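Here the structure is laid out as structure tokens; the discussion comes afterwards.
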Amino acid sequence: MTQATADGVPISDGFDFPVGPRGDNVDVFKTHKIDSTLADPGYYKSFGVWHPGEDWNGRGGGDTDLGDPIYAISNGLVKEFGNYPPSWGNIVLLEHALPDGSRLWSQYAHLDQIMVGQRGQKVTRGQQIGTMGKGAKTDQYPQG
């Protein structure tokens with residue numbers, strides 16, 4: 001494992017895409033695309049709220065990406081995971097420490113499977129932490 005802060009958050013050694021092929025000189029955009037972006041005006045116009053991140057999908061359309069691996073974008077510490085209906089579904093939230101001591105968080109939502117097992121678990125950049133899903137299955141949850 002990499003170096004960590006005094007409170008145990010692994011220090012980042014760089015950032016990668018959360019989807020797509022791994023390795024040097026690969027082009028993630030040959031297999032995946034971003035359909036919604038952070039603060040996407042089109043999303044706001046459609047739903048009346050700002051989009052809090054990026055929505056990655058496979059280039060094949062439909063459910064062709066269902067089950068694709070989702071990777072930690074950088075070394076980090078699992079802060080939260082679980083199911084958060086009605087919109088996010090299964091999520092993993094990671095905390096990352098930068099070499100200068102500052103912190104940031106990455107969230108992976110709409111997962112089919114979660115592949116982390118406990119809060120405080122350390123993950124490395126490129127480690128598979130879940131699989132691509134379709135969002136919350138709202139018909140499975142009681143409406144409150």
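Structure summary
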{"item": "Distance histogram for the stretch 1-141 (every C-alpha pair counted, 5 angstrom bins, percent rounded to whole numbers)", "result": "2, 10, 18, 21, 21, 16, 9, 3, 1"}
{"item": "Average silhouette area of the stretch 47-128, convex hull of alpha-carbon atoms, in square nanometres", "result": "6.6 nm²"}
{"item": "Residue order for 15, 81 - accessible surface, 1.4 angstrom probe, largest first", "result": "15, 81"}
{"item": "Prolate/oblate/rounded call for the stretch 33-93, Cα gyration tensor, a/c under 1.5 rounded", "result": "oblate"}
{"item": "Amide H partners (placed H, <5 Å) of residue 11, local residues excluded", "result": "3, 4, 5"}
{"item": "Solvent-accessible area per residue for the stretch 32-113 (1.4 angstrom probe, square angstrom)", "result": "53 Å²"}
{"item": "Cα shape, the stretch 58-103, gyration tensor, a/c 1.5 rule", "result": "oblate"}
{"item": "Heavy atoms of residue 84: accessible area, 1.4 Å probe, square angstrom to 10", "result": "90 Å²"}
{"item": "Mean-position separation - Cα centroids, the stretch 84-122 and the stretch 1-76, in angstrom", "result": "11 Å"}
{"item": "Calculated from backbone phi, Karplus (6.51, -1.76, 1.60) coupling profile of the stretch 51-67 in Hz, x at Gly/Pro", "result": "7, x, x, 10, 9, 8, 9, x, 6, x, x, x, 9, 5, 9, 4, x"}
{"item": "Sulfur and carbon atoms: percent of accessible area, the chain [1.4 Å]", "result": "51 percent"}
{"item": "Debye-sum result for the stretch 5-48 in log10 I(q)/I(0), which assumes one identical scatterer on each alpha carbon, at q = 0.15, 0.24, 0.32 Å⁻¹", "result": "-0.67, -0.87, -1.13"}
{"item": "105, 56, reordered so the largest accessible area comes first (probe 1.4 Å)", "result": "105, 56"}
{"item": "Environment charge of residue 65, counting only residues whose C-beta is closer than 12 Å and scoring Lys/Arg +1, Asp/Glu -1", "result": "-2"}
{"item": "Estimated [θ] at 222 nm from DSSP helical runs (n ≥ 4, -39500 (n - 2.57)) normalised by residues in the chain, nearest 500", "result": "-1000 deg cm²/dmol"}
{"item": "Residue with peak Gaussian network fluctuation, the chain [Cα springs, cutoff 10 Å], from 75, 83, 57", "result": "83"}
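The values are calculated or read from the model by the stated rules, or taken from the named source; none is laboratory data. As the structure is a computational prediction, the values presented were derived from the model and not from experiment. Methodologically, a virtual Cβ is constructed for each residue, glycine included, from the backbone with ideal geometry; neighbour enumeration extends over all protein chains shown. For accessibility, only protein heavy atoms count, side chains too; no ligands or nucleic acids. Shrake-Rupley method; radii C 1.70, N 1.55, O 1.52, S 1.80 Å.
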